[in-house]
Every structure is written in C-alpha cells, then in structure tokens.
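Input: a single structure, listed below in structure tokens.
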Amino acid sequence: MKLFNFFAQELAIDLGTANTLIIQDGKVVVDEPSIIAMDRRSNEVIAVGSKAMQMHGKTHENIKTIRPLRDGVIADFQAAESMIEGLIRMVGMKRRFFSHLKMVICIPSGITEVEKRAVFDSADHVDSKETYLIHEPMAAALGIGLDVEEATGNMIIDIGGGTTEIAVIALSGIVCDQSIRTAGDEFSLDIISHMKREHNIQIGERTAEQIKIQVGSALPKLDNPPEDFAVSGRDLMTGVPKQVLISYSEIAHALEKSINKIEEAVMRALDTTPPELSSDIYERGVYLTGGGALLRGLDKRLSQKIKLNVHVAEDPLRAVVRGTGIALKNTDRFSFLIDRKSI
Ligand SMILES: Nc1ncnc2c1ncn2[C@@H]1O[C@H](COP(=O)(O)OP(=O)(O)O)[C@@H](O)[C@H]1O
Ligand SMILES: [Mg+2]
C-alpha cells in the first residue's frame with residue numbers, strides 16, 4: 001500500500017474563467033490567469049498563464065492571446081485543452097511518477113456535457129488515470145468549510161471573472177442555482193466605458209483590472225476609502241497620452257448597474273429557495289467567494305439589500321481550489337463528484 005501511495009500523484013484543479021489554480025499535497029502550486037498565447041500561423045502554444053497575460057493586448061499579427069473560458073463556458077475547445085495541459089505540466093511532475101495520476105477538476109456550473117467531455121479528454125492527455133469533476137458552488141462551499149452533507153441549507157455567491165453563480169446547497173446537492181454573466185469581466189468593461197465617456201481615455205482590459213483592484217467599490221461612501229489612483233491612457237480627442245486621477249466613488253458609480261444585476265439575481269435565488277432552506281439561510285446568512293467578493297463595500301451593500309448577514313470567505317480567490325482539494329481527499333465519499341461514466 002505504501003509503495004502504491006509513493007507512486008500516486010493527486011491534483012485538485014480550479015478551472016476558472018479568470019484564474020486556474022492547482023493544489024498538490026495540500027499546497028497551491030499553480031495560480032495563473034486562464035489564458036494562452038498562440039502562434040497564428042502554426043497554432044503552436046507560445047505561452048500559458050501569466051506569461052501569456054503579459055502579451056495580452058500587446059500582440060502583433062502573428063500572435064494571438066485567447067481566454068478559452070470566456071463567459072463561464074468553454075469558448076474555444078482546442079485552446080482550453082492546450083491551456084489545461086500546459087498548466088498541469090507546470091506542476092512539473094516527473095514522468096515516472098505518472099503511474100497513477102488522480103485529479104478532481106472544478107468546472108463552472110453552466111458547462112455543457114460536450115464541454116465536460118472536453119475537460120475529461122484534456123485530463124486523459126496528461127495521463128490521468130482517475131478524473132472527477134466538481135461543480136463550482138459545491139467546491140466553494142467545501143472550501144469555505146461548510147458541511148455540505150448535512151440537512152441544512154447554505155447559500156453561496158461566487159463572483160468570478162465570467163459569471164456570478166448563486167447556489168443553495170443541502171444534503172450533498174445543489175438545490176437551486178442562478179448563474180448570470182455579470183461578474184469581474186463585466187466590471188472591467190464598465191470601467192473601460194466609464195473612462196471613455198467621462199475622461200475621453202481609451203484603456204485596455206489590464207488597466208481596467210488595475211483600477212478595479214486599486215479603487216474598485218460597490219458603495220459611493222466607504223469607511224476606509226482607498227486613495228485616488230492615477231491612470232494613464234490615450235486621449236481620444238487629441239491622440240496624446242494623458243493621466244487622470246480616479247476616485248473610488250466614481251468607480252462605484254460606473255459599477256452601479258452591474259452590481260444591481262447581481263443583487264437582483266440574489267433576490268431571485270432567495271425567492272426560489274424552498275421555505276425550509278430559507279429559514280436556514282435566514283439564520284446563517286450568505287457566503288461570498290470568488291475574486292468579486294474582494295470588491296470594497298460589496299458585502300455591506302448586499303447585506304443592506306437582502307437584510308441578511310453576508311460573510312466574505314477567507315481568501316476568496318482560493319476558496320474553490322481549497323474545496324476541490326477537500327473533494328480530492330474524499331472521492332469515495334462524495335456522491336456529487338462527476339466521473340466519466342456519468343456523462
Ligand atoms: N481586489 C479585487 N477587487 C475586485 N475584483 C477583484 C479583486 N481581485 C480580483 N478581482 C476580480 O475577480 C475576478 C477573478 O475571480 P476568480 O474567482 O479567480 O474568477 P474565476 O473563478 O472565474 O476564474 C477577476 O475579474 C478579477 O478582476
Ligand atoms: Mg471561480
């Protein structure tokens with residue numbers, strides 16, 4: 001048995017629309033943006049993860065960057081496979097240890113059967129002998145430390161890059177689930193159009209991302225406000241580069257509509273929750289995970305809207321991969337894991 005364990009390799013993978021994370025032996029060994037760069041002519045992969053991200057928005061005609069999981073679905077199968085393989089290879093497992101590779105991969109819950117098969121195929125390409133998939137809200141719940149098997153309802157709101165997933169979990173299953181395509185990417189687009197409209201500045205996705213992190217806010221008034229952030233871009237009128245100072249209040253204004261959509265989706269989810277589970281949620285409050293959970297003031301704003309406690313998960317960008325890691329240790333026990341035979 002000991003010998004078998006020595007040759008066994010186990011990986012937990014959170015395949016996110018914005019970031020992919022991998023846990024091996026309880027440690028996060030890969031934490032990279034979900035993006036690849038390819039040669040347009042040969043279709044060869046030039047870079048994966050952060051190396052490819054550095055090229056994003058700066059490519060010339062022979063290189064293209066692709067985010068294979070755009071809106072919570074696999075937008076480009078071939079690119080998705082190459083990315084998954086590339087990121088797994090980053091773990092740097094030695095070939096002779098591949099004798100028994102076991103993986104649990106967390107997938108967005110909107111993914112279709114065909115897309116699930118594509119993820120299994122990518123796992124086969126890296127020689128995985130035992131592969132399971134897990135839906136994102138379930139992994140998030142495990143990562144938060146909730147007991148997903150008990151007869152109590154818990155509501156998880158995961159705000160990722162492509163989608164916001166709102167799910168109620170009880171008795172090892174997802175009881176109800178709302179998924180909307182308003183999340184981090186949409187926030188970035190809001191910021192890009194705000195900069196254009198209000199400041200006549202054209203900025204790229206990466207600058208929008210920086211603004212969101214530096215001065216992003218869901219409320220126009222915060223108790224601990226961040227300092228204004230200097231943004232450089234090209235003036236659309238004169239064509240010359242210029243710099244403007246951006247405050248969190250104006251970003252709160254720019255994000256208003258998108259945050260409204262998330263609030264409405266949460267209200268709908270609460271509305272469709274069976275009464276016995278509603279009372280559990282009423283007592284416990286709701287849990288926020290995903291990168292969007294880090295947006296300043298979002299917990300407070302949501303809590304005022306739904307009149308419930310809102311808990312932000314510890315290290316929300318890693319809750320899902322932590323939960324996937326817990327699933328990996330319990331593949332015999334958790335009935336909600338998907339194996340190849342069940343699709
Ligand atoms: N501090 C922050 N404030 C607001 N948004 C953030 C922050 N940090 C990361 N994000 C956003 O979170 C999103 C990524 O979250 P993540 O949970 O990794 O998504 P996914 O699971 O879809 O890969 C990105 O859109 C990113 O811009
Ligand atoms: Mg995620």
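The values are calculated or read from the model by the stated rules, or taken from the named source; none is laboratory data. Since we're looking at a predicted model, the values are computed, not measured. Glycine also receives a Cβ, built like all others from the backbone with ideal geometry; neighbour counts cover every protein chain displayed.
Some notes on this structure:
- Looking across the range 280-297 at every residue that is assigned to a helix (DSSP H, G or I) and within 16 Å of ligand 2 (Cβ to nearest atom), the one that is surrounded by the most Cβ atoms within 10 Å (Cβ to Cβ) is identified as Gly292.
- Taking the listed residues Asp177, Asp158, the one that is modelled with pLDDT of 95 or more, outside any helix (DSSP H, G or I) and within 20 Å of Thr272 (Cβ to Cβ) is Asp158, with no other qualifying.
- Residue within the range 11-19 that is out of contact with any Gly (no Cβ under 6 Å at 6 or more places or on another chain) and more than 22 Å from Ile326 (Cα to Cα) present: no
- Applying a threshold of 7 Å to beta carbon distances and a minimum spacing of six or more residues, or different chains, the list of pairs starting in the range 148-164 at a residue that is within 16 Å of ligand 1 (Cβ to nearest atom) and of a type in the set (Val, Ile, Thr) and ending at one that is in a loop (DSSP other than H, G, I, E, B) and at pLDDT 95 or above reads Ile159/Ala183; Ile159/Gly290; Thr163/Ala183; Thr164/Thr182; Thr164/Ala183.
- Residue identified as assigned to a helix (DSSP H, G or I), surrounded by 15 or more Cβ atoms within 10 Å (Cβ to Cβ) and more than 16 Å from ligand 1 (Cβ to nearest atom) among Leu277, Leu255: Leu277
- The single residue among Ala269, Ala319 that is touching a residue at least 40 places away in the same chain (Cβ under 8 Å) and within 16 Å of ligand 1 (Cβ to nearest atom) turns out to be Ala319.
- Filter pass, Lys221 being out of contact with any Cys (no Cβ under 9 Å at 6 or more places or on another chain) and more than 24 Å from Gly162 (Cα to Cα): yes
- Taken residue by residue, the range 51-65 has no member that is modelled with pLDDT of 95 or more and in a strand (DSSP E or B).
- Scope the range 210-242; condition modelled with pLDDT of 95 or more, more than 16 Å from Asp299 (Cβ to Cβ) and either small (Gly, Ala, Ser) or not in a loop (DSSP other than H, G, I, E, B) (or both); matching residues: Gln210, Ile211, Lys212, Ile213, Gln214, Val215, Phe229, Ala230, Val231
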